[in-house]
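Novice: Dropping the structure in here first, questions after.
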Amino acid sequence: MLLSTLFPLLLTLLTLALAAAQQDLYKILQLDKSCNDRDLKRAYRTLSKKYHPDKSSGDEQKFLEVAEAYETLSDPTTRKIYDQYGHDGLANHKRTGGQQQHNPFDLFSQFFGGGSRQQPGVRRGHEMEVKLSVPLRDFYTGREVPFSLEKQQICDTCSGSGSADGHVETCTRCNGRGIIIQKHMLAPGMFQQVQSHCDVCGGQGKTIKRPCKTCNGSKVVRKVVDLVADIEPGMPRGHRVIFENEADEHPDYVAGNLNVVIDELSPKINTDETDEARKSRNDGAFFRRKGPDLYWKEVLSLREAWMGSWTRNLTHLDSHIVALSRGRGEVVQPGQVEAVRGEGMSIWHDGHVHEHDEHETGTHGTLYVEYVVVLPDQMERGMEKEFWAVWEKWRGKNGVDLGRDSGRPVPQGVRAELKDEL
Ligand SMILES: [Zn+2]
Ligand SMILES: [Zn+2]
């Protein structure tokens, strides 16, 4: 992938950026010193998306600065150092090995998923998969969906060493090799070597005298992390958003990927028309999606279908109105389907940071409106009488044509004489 070739260059740029501009880290994130963790996250999310080099509004330099600022300020230790001693303090801290530099693109994919760079030859942990169900409306409008997940994380207390005092000793039984070799004499002068796991250190090669109290020496703990999945407009149902290296962590391996499957939530249909129910009507309960197209059923009365002169204001998934109408005398047949171009889903292109212009033509699928015509079960007596009279009058004038009534084709000559049988 392009990114992997770009990466060394970016690191150089990052170093240059650090040397040249010593900008205030809070200013870079457009925040002030009183900001909290949530403010930081929100600022990072907005700005990193804006400046990502793959975007048209992208600015690589700024993207790197934002990543750097976020990384420093989101860590309580480095934030404190920065607040007290500024950039020089940070530089000192880094020199003494306090802060490891992360790849700014990894940080980005931690927030938004995507990317797929692999480090070859590195032991990787297993992958994880979670399912996130969102209503059709979110697939239409796009949304950042926060979610949390319990996973295995490196213990903060002991930084993954498993030791309470930081001391990890080499196992005296196996000398740190994790295995012991025993020699058995089978016959005078004939030896058999048997290799086995060291039972003192469990094959680790290291022993801990005082295990960390938080993780009991296991180096890892299970904790909840907060993540945000970016649902883009028109994203297909069942799409996988990949969060690189966000699966279970362990100091012995690189965490695998976390795959978040974005599923469509089945709509809740409210039978009682309360305010709440009316509000939730546009969650997609009455739309059906098929790829980039949407389907909708609209009910017409017999009068509307037959005589025309009606309008419907259909509330779309993002609450905008699609107006449907027929003038007087415009007939709609039962089951007739009207195609409204450009009112389907956004047409989605793979690639997690590419923007599409919402209002450009050809960026949306079609909305298919199927008309369902409902005949009245009962008619008011007076109305029934009048209708009957009208039918009888016109039936008498035109006669009855059984061939026509049964749907058989009518010969050309005859057609001209016939009026429509109502
Ligand atoms: Zn051992
Ligand atoms: Zn621990």
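Novice: Which one is modelled with the highest pLDDT among residues in segment 384-407 that are within 30 Å of GLU298 (Cα to Cα) and basic (Lys, Arg)? Reasoning before the result, please.
Specialist: Start the filter on segment 384-407 by keeping residues that are within 30 Å of GLU298 (Cα to Cα), which leaves 384-388, 390-391, 404-407.
Next cut, basic (Lys, Arg) only: 385, 404.
Details: LYS385: 93, ARG404: 60.
For segment 384-407, the residue satisfying everything is LYS385.
Novice: Which residues, taken from segment 291-316, are assigned to a strand (DSSP E or B) and touching a residue at least 40 places away in the same chain (Cβ under 8 Å)?
Specialist: Scanning segment 291-316 gives ASP293, LEU294, TYR295, TRP296, LYS297, GLU298, VAL299, LEU300, SER301, LEU314.
Novice: When you check VAL220 against the structure, is it surrounded by 11 or more Cβ atoms within 10 Å (Cβ to Cβ) and within 14 Å of ligand 2 (Cβ to nearest atom), yes or no? Before the answer, list the steps.
Specialist: Numbers: surrounded by 11 or more Cβ atoms within 10 Å (Cβ to Cβ): yes; within 14 Å of ligand 2 (Cβ to nearest atom): yes.
Against the criterion (surrounded by 11 or more Cβ atoms within 10 Å (Cβ to Cβ) and within 14 Å of ligand 2 (Cβ to nearest atom)), VAL220 qualifies.
Novice: Condition first: at pLDDT below 75 and surrounded by 10 or more Cβ atoms within 10 Å (Cβ to Cβ). Can you find one or more residues in segment 375-383 that meet it? Break it down stepwise before answering.
Specialist: Of the residues in segment 375-383, the ones at pLDDT below 75 are none.
No.
Novice: Same structure, new question: Residue check: is PHE147 crowded, with 18+ Cβ neighbours inside 10 Å, out of contact with any helix residue (DSSP H, G or I) (no Cβ under 8 Å at 6 or more places or on another chain) and modelled with pLDDT of 90 or more? I'd like the intermediate steps shown before the answer.
Specialist: Details: crowded, with 18+ Cβ neighbours inside 10 Å: no; out of contact with any helix residue (DSSP H, G or I) (no Cβ under 8 Å at 6 or more places or on another chain): yes; modelled with pLDDT of 90 or more: yes.
Against the criterion (crowded, with 18+ Cβ neighbours inside 10 Å, out of contact with any helix residue (DSSP H, G or I) (no Cβ under 8 Å at 6 or more places or on another chain) and modelled with pLDDT of 90 or more), PHE147 does not qualify.
Novice: Considering only residues that are part of a loop (DSSP other than H, G, I, E, B) and either buried (at least 21 other Cβ atoms within 10 Å of the Cβ) or within 16 Å of ligand 1 (Cβ to nearest atom) (or both), look in segment 236-251 and name the one that is modelled with the lowest pLDDT. Please lay out each step first, then the result.
Specialist: Taking segment 236-251 and keeping what is part of a loop (DSSP other than H, G, I, E, B), we get 236-238, 244-249, 251.
If we keep only those that are either buried (at least 21 other Cβ atoms within 10 Å of the Cβ) or within 16 Å of ligand 1 (Cβ to nearest atom) (or both) too, we end up with 244, 246-247, 249.
Values: GLU244: 83, GLU246: 89, ALA247: 92, GLU249: 91.
Filtering segment 236-251 for residues that are part of a loop (DSSP other than H, G, I, E, B) and either buried (at least 21 other Cβ atoms within 10 Å of the Cβ) or within 16 Å of ligand 1 (Cβ to nearest atom) (or both), the one modelled with the lowest pLDDT comes out as GLU244.
Novice: Do we find that GLN182 is assigned to a strand (DSSP E or B), within 14 Å of ligand 1 (Cβ to nearest atom) and loosely packed, with under 11 Cβ neighbours inside 10 Å in this structure?
Specialist: Working: assigned to a strand (DSSP E or B): yes; within 14 Å of ligand 1 (Cβ to nearest atom): yes; loosely packed, with under 11 Cβ neighbours inside 10 Å: yes.
Answer is yes for this residue.
Novice: Being within 16 Å of ligand 1 (Cβ to nearest atom) and in contact with an Asp or Glu (Cβ under 8 Å, 6 or more places away or on another chain) narrows it down to one of LYS131, LYS223, LYS206, so name that one. Outline the logic, then answer.
Specialist: Details: LYS131 fails: within 16 Å of ligand 1 (Cβ to nearest atom); LYS223 fails: within 16 Å of ligand 1 (Cβ to nearest atom).
Sole residue among the options that is within 16 Å of ligand 1 (Cβ to nearest atom) and in contact with an Asp or Glu (Cβ under 8 Å, 6 or more places away or on another chain): LYS206.
Residues checked against (1) farther than 16 Å from TYR44 by Cβ; (2) at pLDDT 80 or above:
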site: LYS80; (1), (2): yes, yes
site: GLY86; (1), (2): yes, yes
site: GLY89; (1), (2): yes, yes
site: GLN99; (1), (2): yes, no
site: ASN103; (1), (2): no, no
site: PHE112; (1), (2): no, no
site: VAL122; (1), (2): yes, no
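Novice: Just to check your reading of the model, which residue among LEU294, LEU324, LEU302 is modelled with pLDDT under 95 and farther than 27 Å from ASP54 by Cα? Full working, then the answer.
Specialist: Values: LEU294 fails: modelled with pLDDT under 95; LEU324 fails: modelled with pLDDT under 95.
Of LEU294, LEU324, LEU302, the one residue that is modelled with pLDDT under 95 and farther than 27 Å from ASP54 by Cα is LEU302.
Novice: Can you give me the number of residues within segment 150-177 that are within 16 Å of ligand 1 (Cβ to nearest atom) and buried (at least 17 other Cβ atoms within 10 Å of the Cβ)?
Specialist: Residues in segment 150-177 being within 16 Å of ligand 1 (Cβ to nearest atom) and buried (at least 17 other Cβ atoms within 10 Å of the Cβ): 4 in total.
Novice: Follow-up question, since we're still on this one. From the list SER196, SER148, which one is touching a Leu at 6+ places or on another chain (Cβ under 9 Å), among the small types (Gly, Ala, Ser) and part of a strand (DSSP E or B)? Outline the logic, then answer.
Specialist: Details: SER196 fails: touching a Leu at 6+ places or on another chain (Cβ under 9 Å).
Exactly one of SER196, SER148 is touching a Leu at 6+ places or on another chain (Cβ under 9 Å), among the small types (Gly, Ala, Ser) and part of a strand (DSSP E or B), namely SER148.
Novice: Can you say whether ARG210 is within 16 Å of ligand 2 (Cβ to nearest atom), over 28 Å from the mean Cα position of the chain (by Cα), touching a residue at least 24 places away in the same chain (Cβ under 8 Å) and surrounded by fewer than 17 Cβ atoms within 10 Å (Cβ to Cβ), as far as the supplied structure shows?
Specialist: On the way: within 16 Å of ligand 2 (Cβ to nearest atom): yes; over 28 Å from the mean Cα position of the chain (by Cα): yes; touching a residue at least 24 places away in the same chain (Cβ under 8 Å): yes; surrounded by fewer than 17 Cβ atoms within 10 Å (Cβ to Cβ): yes.
Judged against the criteria, ARG210 is a match.
Novice: A further question on this structure: Quickly run through segment 155-207 and pick out the residues that are within 16 Å of ligand 2 (Cβ to nearest atom) and among the hydroxyl-bearing types (Ser, Thr, Tyr). Break it down stepwise before answering.
Specialist: Within segment 155-207, the first condition is being within 16 Å of ligand 2 (Cβ to nearest atom), and the residues that meet it are 155-168, 204, 206-207.
Answer for segment 155-207, where residues must be within 16 Å of ligand 2 (Cβ to nearest atom) and among the hydroxyl-bearing types (Ser, Thr, Tyr): THR157, SER159, SER161, SER163, THR207.
The values are calculated or read from the model by the stated rules, or taken from the named source; none is laboratory data. Bear in mind that the values here come from a model prediction, so they are computed numbers and not experimental data. Methodologically, a virtual Cβ is constructed for each residue, glycine included, from the backbone with ideal geometry; neighbour enumeration extends over all protein chains shown.
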